[in-house]
Amino acid sequence: MTNSRLLRIGKRIALVLLALVLVLTGTYYYAVTPHRPFVPAESAEDLLYRADTLAWNDRWEEAEPLYKSAEALFRTQRNQSKALYAAVSQIPPNESVDIPATIWSLTADLTQLGANDPETRLRILTVRGILQTNQDAAQAHATWEEVERLARKLHHYELATRAVGEQGIAAFILGDALTAKKQVLLAWGLAKAEKDPAASIRYASAFGAGLVAVVRYGEAMTPLNEAIKIAQAHPEVAYPTLAINTKIDALAGLHRDSEALQLANDSLSRLKGTQFDGQKTQAYLSRGRIHSDLGDRGAAISDYQTALDLASHMHNYRGLTDVGGTLAQTYLDSGDLGAALSAINAAIQANTNIPNELYLAPANLALKAKIVDNMGNSKEADGLFRESIALVDAMIQRASTVSVERQLLGEMSDIYSAYFASLCQQSRFDDALQVLEKVRGRLEAEALEHHSSQPPHAPTPQEQELTRLNIALINTDDPKKRDDLMSAIYGTEINLGPSKLVAASITHPVTLAQLQRVLAPDQLLIEYVLAKPASHALAVTKTAVHSYPLNSGAGIDADAKKYLDKIHAKVADPALAQTLFAELLAPIQEYSTQKDLIIVPDGQLHLLPFSALVNQGAYVLASHTVDVAPSSTAFEVLNRHSEGKEKVEMPYVGVAAWTQNADNRNPILRAISGPERSQFVPLPHSEAEVETIAQDLPHPNTILLGANATETRFKQLSTESTEVIHLALHGYADVDYPDRSALIFAPEPNGPDDGLLQVREIRDLHIRAKLVTLSACDTGVGPVGEADVANMVNAFIEAGADSVVSTLWDLNDESTEHLMTIFYSRLALRQRKVDALRSAQLELLNQGLPPYFWAGVQIVGDPSGTI
């Protein structure tokens, strides 16, 4: 990741967004739902019934003395099977047991005569599955399969449902993301239908843990808060430890450190004096990460060491692997290479005891590579990096959806970036580029290569349900109804099927020779990697390549954010713009001789307009053109594809849905924060914008205005070969749920679509256009990550556009019309796309306007073609 917070919190690398991660805390245990009537008080049967009732609701600590008393009574009655049942039921609440030895003992119990009773056998298998889930996922998966079969045979269907969910969690740990998603979501849905609150809490919590593991903190709050809400409504169910401890990490990831620390302290206070060593391990780990984020490394190391001691006492190898890696990273950050190497070696050794569980292995191997690289052993580091990346590639191949793959790439990208930096230091630039390109812009490159072979599909039932829910959401302002609809939308989204593009992959990223072949003599491609303690820029021209060390990524990110805040406030800050120029462009010698910049950004640089940086009193725009590319591979593929475009069928398609007259007392901004119907204010200048552009471009053309500018009509037109698609619409950027970001078309009450052309839908379009212009607000904004920005721009690139002109912030309707009119008039003169945009921006700059009014429009993709 690009900063220390995400390095520490994101250390628990996960496989997939829409799957589950099992963290060390909040282990849930299952008893068969008791259906026996009460028998006379004080009897062994009565004790067993009451204990099973508590255990079913995960209150095992309270059930333990009841099981112990029942065991004693059953032994006096010489009831061997019931005594064995009660004996093994005392194991779950004691988290300080030696897990491997206890698993072996339970396996031996299955051979006892008392285990011939099917209920007793089911209980032994269930307890063994509980321990194996925290120890060895491969063994756990097999055990939970056996639990499911026997539970169904005995008509214990609720336990069978839980067993399906546990198989899903085990499948996730083993790397089978698609199976994991299906099984866990099935169990979650059935638990709700069966009115099983404990299981509903379990799977909502685990789902949230998976989202936290892939740094989707805001989204994770939805299932985590649902789990906590269910627990509050059902006092008979145990404290929702997994949800609480995962929420600690989510709050920390959202920079809500004081809340996170308070929750962690509360959790440890509640656990004081208990035997829940697994829960304590996770709580200390979480609190250590918060201390680390706050800069208190001493307190962090103390908490990590306590967590390690607890995990070691339990022989909890997964805990040793996780906590050990986190401790090693902290030692590395503090410069103690010897302690860091010792800690990471111990973590990797612990992982060998659970060889089928690889989701922590790539990060730990890469961390060791960085440590030994810093010690001067580049050869050993190279081998470790290669092993780590091979594991990541295998995981990515098993991602269940494009969204999952995107999140996984973002989470794992620190591994690729670290290897890239190591190779650059060795001047192995071709290898460095290819390593970075395996993760940078990978999804766009995959889509560009394979999209045309995937035919359009009719809406699935889930997609039709999303349309219905979106329409209902737009049409209500009632907060309660909107909350309910958002919950229903979330539930429908996570059940969407995988994309066919998931199976397609780019196995050979662009080489330096291929990239240089498509670069023009005046072009300079700069690929940035923001990291700590130093960042890097790879500068490539047609004839040369150099790597340049830059400042720490955290500092560059912070300066970029400050400058963006100034721009949004419509304030010019030449001093800060000069600082960013000194950090990002001044070190690159080729900048002074190459006039066409192609920027492959990273971190906050995705949102930074390089044209608004300042060099010796002049904006970069005054001397250079600026293009943005998702990756070097995507840039090379786009250049090849644009050369082979066929003659177009319709040169221009223009769309303006919100053309009504408006109140002119205030400027109109092309953005909404909803979506709510009341926010769809008129954009009166948009009609003139699309019609003026039509006059400059060749005919025939199609213009959709007002009520005719529907999503359905646009989807029909988008498949035709065109020069230009211009969309003057409202835009909605959802940073927490990027696939919901949308362009807002005119409502169509009786049509098949909801008027929201969302990112997930854009990717499925088959666009054949040289240029798509998104003349709406925030169309270039998305969650910032190393893999890329998950936004509309990249979605249109994936859908087939050669290049996309988009916006990075809210735009004034009138000034946007002016800029776009100039832009297209220059295109009509056969200027290159990037030159036409620069001409339009220069005209506004020369009028004395600050960067807010002109720098927010950028071109992404192929910059050189003409219309």
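The values are calculated or read from the model by the stated rules, or taken from the named source; none is laboratory data. None of the values given here were measured: they were computed from a predicted structure. A quick note on method: Cβ atoms are made from the backbone with ideal geometry, for glycine too, and the neighbour counts reach across all protein chains shown. All accessible areas refer to the heavy atoms of the entire protein, side chains included, with ligands and DNA or RNA removed. Shrake-Rupley method; radii C 1.70, N 1.55, O 1.52, S 1.80 Å.
An ellipsoid equivalent to segment 122-176, defined through the eigenvalues of its Cα gyration tensor, has semi-axes of 18, 11, 7 Å when rounded to whole angstrom and sorted largest first. Here segment 563-622 has 55 percent of its accessible surface on carbon and sulfur atoms, given a 1.4 Å probe and all protein chains in place. Under 5 Å from the amide H of LEU729 lie the amide H atoms of SER775, ALA776, each residue being 5 or more positions distant or on a separate chain, with H modelled from the backbone and absent for Pro and chain starts.
Within straight-line reach of LYS153, meaning a Cα separation under 23 Å, sit the following lysines at least 8 residues removed in sequence or on another chain: LYS82, LYS182, LYS192, LYS195.
Excluding ligands, DNA and RNA, the accessible surface per residue across segment 526-599 is 39 Å² with a 1.4 Å probe.
Taking Cβ atoms as reference points and 12 Å as the exclusive limit, the residues near LEU263 contribute a net charge of 0, counting Lys and Arg as +1 and Asp and Glu as -1.
Taken over the C-alpha atoms, segment 208-292 has Rg and Dmax values of 12.4, 37 angstrom. Could you tally the net charge around PRO355, taking each other residue with its Cβ under 13 Å from the Cβ of PRO355, Lys/Arg +1 and Asp/Glu -1? Around PRO355, the charge tally is -1. Accessible surface computed residue by residue for segment 161-212, with neighbouring protein chains in place and a 1.4 Å probe, gives 22 Å² per residue. When you count the other C-beta atoms within 10 angstrom of each residue and take the mean per peptide, 85-93, 510-518, 265-273 line up highest first as 85-93, 510-518, 265-273. Global dimensions of segment 77-204 from alpha-carbon coordinates: Rg and Dmax equal 14.7, 49 Å. Cross-link partners of LYS272 among lysines, defined as those whose alpha carbon lies under 27 angstrom from its own and excluding same-chain residues fewer than eight positions apart: LYS11, LYS68, LYS229, LYS247, LYS280.
Each residue of segment 846-863 is assigned a 3J(HN,Hα), and the resulting list reads 5, 7, x, 7, x, x, 3, 7, 9, 7, x, 9, 9, 10, 10, x, 6, x Hz, derived from the Karplus form 6.51 cos²θ - 1.76 cosθ + 1.60 (θ = phi - 60°), x at Gly and Pro.
When peptides 817-828, 798-809 are ranked by their average number of other Cβ atoms within 10 Å per residue, the highest-first order is 798-809, 817-828. The fraction of accessible area contributed by carbon and sulfur in segment 77-212 is 55 percent, rounded to a whole number (1.4 Å probe; ligands and nucleic acids excluded). Its residues counted as N, segment 505-624 yields a C-alpha radius of gyration over 2.2 N^0.38 Å of 1.09. Within segment 685-779, DSSP assigns beta bridges of which about 45% are antiparallel (rounded to the nearest 5). Between LEU337 and ASN225, the contour length at 0.36 nm per residue exceeds the Cα-Cα span by 36.3 nm.
Ligands, DNA and RNA excluded, the heavy atoms of TYR284 present near 60 Å² of accessible surface to a 1.4 Å solvent probe. Taking max minus min of the alpha-carbon positions on each principal axis, segment 44-125 gives extents of 31, 28, 19 Å, largest first. Placing dummy labels 7 Å off each Cα toward the beta-carbon, the span from LYS272 to LEU717 is 6.8 nm.
For LYS542, the aspartates and glutamates whose Cα comes closer than 19 Å to its Cα, not counting residues fewer than 8 places off in the same chain, are ASP430, ASP431, GLU437, ASP522, GLU527, GLU590, ASP596, ASP627, GLU636, GLU643, ASP862.
Compared with the alpha-carbon gap, the fully stretched path from ALA575 to LEU113 is longer by 158.1 nm at 0.36 nm per residue. In this entry, segment 218-366 is assigned a mean projected area of 9.6 nm², taken as a quarter of its C-alpha convex hull surface.
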